[in-house]
Structure formats: C-alpha cells, structure tokens
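Peer 1: Structure below; questions to follow.
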Amino acid sequence: MNTPGEKSLWSATAAPLTPFPALRETVRAQVTVIGAGYTGLSAALHLGAAGRDVVVLDAMELGEGASGRNGGQVIPGLKYDPDTLETLYPGDQGAKLVATVAAGPDLVFELIRKHDIGCEAVRNGWLQLATSESALGPIGTRVRQWQARGAAVEMLSAAEVARLTGSQRYYGGLIDRRGGTVQPLAYARGLARAAQRAGVRLFMRSAAIHLERSAGEWRIRTRDGDVSSQQVIFATNAYSDKFVEPLQRTLVAVPSMQVATAPLPTELRRSILPEGQSVSDTWRLLRYFRLDAQGRLIMGSRGVFGDAPLAQAARLHYRAVREIFPQLAGISYDYHWAGFVAMTPDHLPHLHEVAPGIVAGLGYNGRGVAMATMMVRTTSAFR
Ligand SMILES: Cc1cc2nc3c(=O)[nH]c(=O)nc-3n(C[C@H](O)[C@H](O)[C@H](O)COP(=O)(O)OP(=O)(O)OC[C@H]3O[C@@H](n4cnc5c(N)ncnc54)[C@H](O)[C@@H]3O)c2cc1C
C-alpha cells in the first residue's frame, strides 16, 4: 500500500531477512497455512513445534500485509470490556474468551523470549487516554472490570498522564501494564525464522489461486506449484483477495496510516513518553502513538480511501502531532506508510470452519499483534 519511495519505518529499520523462495514444485504437507502474518506464522510455529509437517504460502514478501506495517502496540483485550464479553457469551465460553484475550500479550512476549526474537520488545504498558471528560467514565468501567479479574490495570489522573506522555492534552486515562510494544516487522520475521527452525517450509510470492478436493486431500495451486494437505488454515485477514472471496465479505478492510518523525532531540526525548508506553486515545477516529528504539515519535490514525497521495493524507497526522505535542511544532518527518485493518461488524475476531479440514481466523479490529498471535491457541481446529 506504499507508493514508491514510501518505505515504512519498520522495513527501513528491521534486520534483513534472507528471502524465502517461491513455490515452484508439487509438495505435500499435513497442514497448509495461507497467509504469513502473525495469524499464519504463529499457527505454523505452534504446529511445527508440535511435530506437524507444515507449509506456509504468502502472496507477497513476508510482512507486507498488516503484520509488517502496524503500530506494534501489544494491546490486551478487545474493544468490549470483560463483563460485556461474558454477557455476550454466557457460562464457560465468555470466561474462557476473557482469559484468552487477557493472555495475548503474555504469549507474544513469551514467544519473543523463547525464540530469542530481536524486535525491540518493551513491556512497560499500554495507555488508553481520554480526549474529553466524558470519556473517563467508560475508561473507569474498564479499569474496574479488569481489576476485578486481578489484572494490572490502573486509572491515571490528568497529571499522571502528562508526566507519562509529555502531553497536556488529556483528561486522564488508564495504564494496562500487560501491554507493550514491538518492532512489528522484526517480530513477524522472527516468528518466521522460528517456524523455519521448527521444520516449517515457507514460500513467498506464491499466492494461492485455486483450491480443490483431490484424493481425500485439499490441493492448493499457486502459479508455479501446488501443495496438498489434509488441513488448511486461511490467515489472510484484511488482505484476503478474490481467492477467499467469501471471507473477504465477512470484514471491511479499513485503511490506517502512520507517520514517524525524525529522532527527537535529547531534551524532548526526556519528557515525551519517557517510560516507553504506547498510547491509544478516545478521539473519534482513534489516534495511536509511541516511540521507536531511535526515539522517533510514530503517530497513527485513519488512512485514506481511494487514490489520495499518502503525503497529502499525512497532513492530518502532522496536525495531530502538533495538537498533542505543541513542543514538536517544526519537527521533520522521516516516514509515512499505510495498511489495511480488518474490521468486523460485531467488533470481534472470527473463527470460521470453511469446510471440513479448513479453518480461517481473522478480524482483529486493530488489536491483532496479540490476538492474531493468540488465534492458534483458541481452538483445537488449528492443531
Ligand atoms: C496501519 C496499521 C496499524 C495497526 N496497529 C496495530 C497495533 O498497534 N496493535 C495491534 O494489535 N494491531 C494493529 N493493527 C492490526 C494488526 O496489524 C493485524 O490485526 C495483524 O497484523 C493481522 O495479522 P494477520 O496475520 O491476520 O494478517 P496479515 O498480517 O495482514 O497477513 C495476511 C497475509 O495473507 C496474505 N494473503 C492474502 N491472500 C492470499 C492468497 N490468496 N495466497 C497467499 N497469501 C495471501 C497477504 O499477502 C498477507 O501477507 C494495525 C494494522 C494496520 C494496518
């Protein structure tokens, strides 16, 4: 989704990865995973580590979908608060769902540790900040519900927020200490390397273009090869193409874009996000921001539909930076880039049984760093 010359910050700063080949032969596996973002890579890694023979196919280079372009905020929970989830899914199911989404960040940071993934991981918490007095009520409700479940979530006053962010813009908010940040593309590359070490075969520039049932197995054709397996996992999310049209219709691919400043001067660096938390605010279009390892401020918000040049759309983001951090007026910008977020009508991730032996996991509504990584753990259908 970048136009030429619009390299993302993440692709400019992630350690290089020896490219994976394209599929140019006929192969067999026990499981074929279509899509090499966090959903597909985490599933492949878990399955490979459990001794399954797995092939991963992706239409693009690794991380060119949302997993290499996002804000890298590891956010616990979904849009809905725990009580709402338990009302939507009474009994055991709701409680299990809440426990699963709460454990997403643990899984991310555990995989990073276990597989020694160098991705600038920081676990100092995620802030949700109120842009109006009235937004404090729902934030307080969220804090109380998570605290009732023993989670490390606390309310912050406006003064505490000002100290943690360097911005006077907010009325208060919450800190959820389970959250953190990663360099998202480096995290995706690290998962891919770990999966490869577990025996998984990965093929890039190998779009699945045809699926058929053949001799009791699923046969997936790419332009120059094919793979047959008993099980298939669709992990194509907002980048679902015509090949998975029925899945494409279950979600809306919403553009989101980010800009990154030049590294902040030392003086400003000391007062802006000094403890390295990431932030989402309650502004109607949602703004999210954080620092990278070099001290650049990254600001994200709505992207543009259609063909408007990214450089033009970036002005909205420059304005957000000036509004939240007037002390950054005049700062220069190094990068801007965009990607598609998969939104579902019910704001919940979806797991589909597409056909016997075929499952699909998608629709994280902007919270996929933790949740897409976690998807493999939500159901035995992935195993
Ligand atoms: C700008 C932006 C900012 C975001 N910020 C955050 C954030 O800070 N925190 C957070 O938790 N979430 C965030 N998200 C959401 C998060 O990035 C996603 O939820 C997550 O990356 C989804 O991972 P995935 O593996 O399901 O999909 P993706 O990473 O999009 O991977 C899908 C893959 O499927 C492949 N594919 C599609 N069709 C085919 C086919 N026919 N054959 C083979 N391959 C195919 C694509 O090429 C793609 O690589 C953000 C998203 C964007 C775009």
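The values are calculated or read from the model by the stated rules, or taken from the named source; none is laboratory data. Every value quoted in this text rests on a predicted model; they were computed, and no experiment measured them. Glycine gets a Cβ as well: all are built from the backbone with ideal geometry, and neighbour counts include every protein chain shown. Side chains included, ligands, DNA and RNA excluded: accessible areas come from the protein's heavy atoms. Shrake-Rupley method; radii C 1.70, N 1.55, O 1.52, S 1.80 Å.
Peer 1: Would a scan of the stretch 220-232 turn up a residue that is within 9 Å of the ligand (Cβ to nearest atom) and outside any helix (DSSP H, G or I)?
Peer 2: Yes: one or more hits.
Peer 1: Considering only residues that are part of a helix (DSSP H, G or I) and over 25 Å from Q73 (Cβ atoms), look in the stretch 233-246 and name the one that is nearest to the ligand (Cβ to nearest atom).
Peer 2: Top of the filtered list is F243.
Peer 1: State whether one or more residues within the stretch 295-305 are open to solvent by 60 Å² or more (accessible area, probe 1.4 Å) and assigned to a strand (DSSP E or B).
Peer 2: Yes, the conditions are met somewhere in the stretch 295-305.
Peer 1: Ok, one more. I'd like the full set of residues that are out of contact with any Ser or Thr (no Cβ under 7 Å at 6 or more places or on another chain), open to solvent by less than 60 Å² (accessible area, probe 1.4 Å) and modelled with pLDDT of 95 or more, limited to the stretch 229-252.
Peer 2: Q231, I233, F234, T236, A238
Peer 1: In the list G71, G40, G63, G94, which residue meets the criterion of being within 26 Å of D176 (Cα to Cα) and within 13 Å of the chain's Cα centre (by Cα)?
Peer 2: G71
Peer 1: Among the residues of the stretch 344-383, count how many are outside any loop (DSSP other than H, G, I, E, B), farther than 14 Å from G35 by Cβ and more than 8 Å from the ligand (Cβ to nearest atom).
Peer 2: Qualifying residue count for the region: 9.
Peer 1: So, in the stretch 163-180, how many residues would count as being open to solvent by 20 Å² or more (accessible area, probe 1.4 Å) and either in a helix (DSSP H, G or I) or free of Cβ contacts under 8 Å to residues at least 12 places away in the same chain (or both)?
Peer 2: 2
Peer 1: Check whether at least one residue in the stretch 312-319 is surrounded by 23 or more Cβ atoms within 10 Å (Cβ to Cβ) and out of contact with any strand residue (DSSP E or B) (no Cβ under 6 Å at 6 or more places or on another chain), and report yes or no.
Peer 2: No, because not a single residue in the stretch 312-319 is surrounded by 23 or more Cβ atoms within 10 Å (Cβ to Cβ) and out of contact with any strand residue (DSSP E or B) (no Cβ under 6 Å at 6 or more places or on another chain).
Peer 1: Name the residues in the stretch 200-214 that are part of a strand (DSSP E or B), within 23 Å of the chain's Cα centre (by Cα) and near the ligand (Cβ under 10 Å from one of its atoms), would you?
Peer 2: Selection gives F203 alone.
Peer 1: So, in the stretch 74-89, of the ones that are of a type outside the set (S, T, Y) and assigned to a loop (DSSP other than H, G, I, E, B), which residue ends up surrounded by the fewest Cβ atoms within 10 Å (Cβ to Cβ)?
Peer 2: Applying the filter and picking the extreme gives K79.
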